[in-house]
Amino acid sequence: MQKNIKPKSNKLYEVSFEVCNRVGGIYRVIESKANRMMQYYGEDYCLIGPYTEKSRGEFREEAAPKEVKKVFQDLEKEGIRCHYGRWLIKGKPLVILVDFVDYFFKVNDIKKELWDNYQVDSLAAGYDFDEPVCWSYATGRLIRELSSSYKSKKITAHFHEWLSAAGLLYLDSKNTEVKTVFTTHATSLGRTLAFHSINFYMSLNEINPEEEARKYNVYPKHIIEKAAARTCNVFTTVSEITGIEAEKFLERKPDFILPNGLDIEEFLSFEEIVIKHRLQRRRLRSFVSAFFFPYYTFDIEKTLFYFIIGRNELRAKGIDVFIQSLGKLNRKMIKENSDRTIVAFLFIPSQAKGVNPSLLENLEYFRDLRDYLEGTFPEIEERILYNTLQEKDLSKENLISEDYLFEIEKKLHRLKRKESTPPLVTHHLTHSHDEIMEELKRAELLNQEEDRVKVIYYPIYLTGYDGLSNLSYEEALEACHLGVFPSFYEPWGYTPLEAAALGVSSVTTDLAGFGRFRNKLKKKKGRPGIYILEREKKDDNKIVEDLYQFLYKFSQNKRRERVENKIEARKIASQADWESFVKNYIEAHNAAQK
């Protein structure tokens, strides 16, 4: 790779339905990369997204330049309203947001055109297909008209996912001079099969993509994605593993792999991370204590926090494997009469009706006791000081009054519960047969006193103000010792990378894009920072056994060993910085201009 690569394009338009519109992981990719792109293209870099209610909070509208304003005025006559301005993120890149509400009447004409030109069969498609197709077709119209204003310039348009495919196909059908790059982050068919718990990597060569797409009602999305992949000047995916499925499902091998990175400058230094870990761990310990200690206690200082976080896809995300491994770990630790405790958090959003009232009550009583103790510490410290100066015995009678002890006893009595076990989940769930709850019960993870592995199923998004732990996504990661991500379908996998940037160890798999990237890096013997679970072409029993063995071994690590591993995890994250990865994008754009 060239060290000082220069763009051959004079203008770059990057098109995604997630520009200023947080609906999935692609938002994070584009948002974190934008500032680096501007370092190569400057004001000739422009993002294009949909104009929605969400976007208004992230977008500052500005007056468009004269030549752009003229294009906007012409398009508005057709029903396409464009908004010019800045995305309020690092670098404040130029953005055009397309309001296509008044253009939607054209959707059937657009679908007919896609059939005539590319045999995209969308007759049975629903609104979830029609909406992005109408929007992206409108972006194609916009880019074509803008390109007419910059006739002497080399223009590249980079489209993300099937949702933007109609715009790319429009530019191709009109024989424009605009060069196109198309990125598949996860094929629509692959994502669908994984959602239905089908590990298609085990039988990739036996799958008929068209038959499977029709079977699972994603044929229109699959076929338009395939058309875009085969039509674009340069086809890319985000990882080697996604490239394998794309070559099979979309019938084109990627020209480039564009890994997802992070802007490492946004993260704290390792010294600051250590301080943050202590702070957030203290907060998480308080929550765990309030959750369990009304029923029974354990040594919180000998407790490790494991976690899994992500979409509620039991099989695809390996949630089932994690739970089964925890069950084996629990039985092992009980048999050994271990003095350690593992608290495993399942931060998996689900259908929840409201917080368990008894948990709210526990939290209130716990915080009341804690605040009372904290409020009296200065007085006790003062008594210790003066008793020491007077050379008096530091006995309970000299330091603590009867009234103080009586008040503590009352508050403690109010905190304690008669029920034998704490709940498994923080909220009431809508579904009486929730898959995760059923899996926990099968694994005999019931939060009984003798269990050495406890679980807390947290079925809401971490906002930082949920009234429970009150931890944000980043704070929850910082508080934990180990992230566990045993997915069989993970085109890239941002969470282990983000965890590493926060100085948190994790385990991922060789079926995750990031896992394969990690496997190619040099490993530090005994302290790899990020562990790789071999999952490719292995049955579930073997995977569960391997993960259980790893979780047990990690639980035996001494604090120094865990710290060394955190340091290595952070070093790995620095190798996935956008400063390095963005050059892959520039190379793909340059290849399109050849």
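The values are calculated or read from the model by the stated rules, or taken from the named source; none is laboratory data. All figures in this text were calculated on a predicted structure; none of them were measured in a lab. Positions of Cβ are generated from backbone atoms using ideal geometry, with glycine treated the same way; all protein chains shown enter the neighbour counts.
For this structure, a couple of remarks:
- Against the list (1) at positive phi; (2) modelled with pLDDT under 95, the condition Lys524 fails is (1).
- Test: residue in the range 245-261 that is surrounded by fewer than 22 Cβ atoms within 10 Å (Cβ to Cβ), touching a residue at least 60 places away in the same chain (Cβ under 8 Å), among the β-branched types (Val, Ile, Thr) and over 30 Å from Gln351 (Cα atoms): yes
- Boolean, Val181 is of a type in the set (Val, Ile, Thr), buried (at least 24 other Cβ atoms within 10 Å of the Cβ), on the phi < 0 side of the Ramachandran plot and touching a residue at least 60 places away in the same chain (Cβ under 8 Å): yes
- Residues of the range 422-453 that are outside any loop (DSSP other than H, G, I, E, B), among the charged types (D, E, K, R) and under 24 Å from the mean Cα position of the chain (by Cα): Glu435, Glu439.
- Strands (runs of 3 or more DSSP E) within the range 1-80 that include 3 or more residues closer than 30 Å to Glu490 by Cα, under 24 Å from the mean Cα position of the chain (by Cα) and at pLDDT below 95: none
- Considered as a group, the residues in the range 348-363 that are loosely packed, with under 15 Cβ neighbours inside 10 Å and farther than 11 Å from Phe291 by Cα include one that is farthest from the chain's Cα centre (by Cα), and that residue is Pro357.
- The sole residue among Asp74, Asp109, Asp99 that is over 25 Å from Ala186 (Cα atoms) and surrounded by 15 or more Cβ atoms within 10 Å (Cβ to Cβ) is Asp99.
- Condition check for Ser395: polar (S, T, N, Q), at pLDDT below 75 and either in the same structural domain as Pro491 (by TED's automatic domain parsing) or over 24 Å from Arg417 (Cα atoms) (or both): yes
- Members of the range 561-577 found to be assigned to a helix (DSSP H, G or I) and either small (Gly, Ala, Ser) or more than 11 Å from Arg527 (Cα to Cα) (or both), listed by number: Ala569, Arg570, Lys571, Ile572, Ala573, Ser574
- When Leu314, Leu329 are checked against the criterion of being more than 17 Å from the chain's Cα centre (by Cα) and not basic (Lys, Arg), Leu329 stands alone in meeting it.
- Output for the range 186-209, where each listed residue is under 11 Å from Ile244 (Cα atoms) and hydroxyl-bearing (Ser, Thr, Tyr): Thr187, Tyr201
- Verdict on Ile89 being surrounded by 13 or more Cβ atoms within 10 Å (Cβ to Cβ) and out of contact with any Phe, Trp or Tyr (no Cβ under 8 Å at 6 or more places or on another chain): yes
- Counting only strands (runs of 3 or more DSSP E) wholly contained in the range 249-367, the ones carrying 3 or more residues that are on the phi < 0 side of the Ramachandran plot, at pLDDT 95 or above and among the aromatic types (Phe, Trp, Tyr) occupy 303-309.
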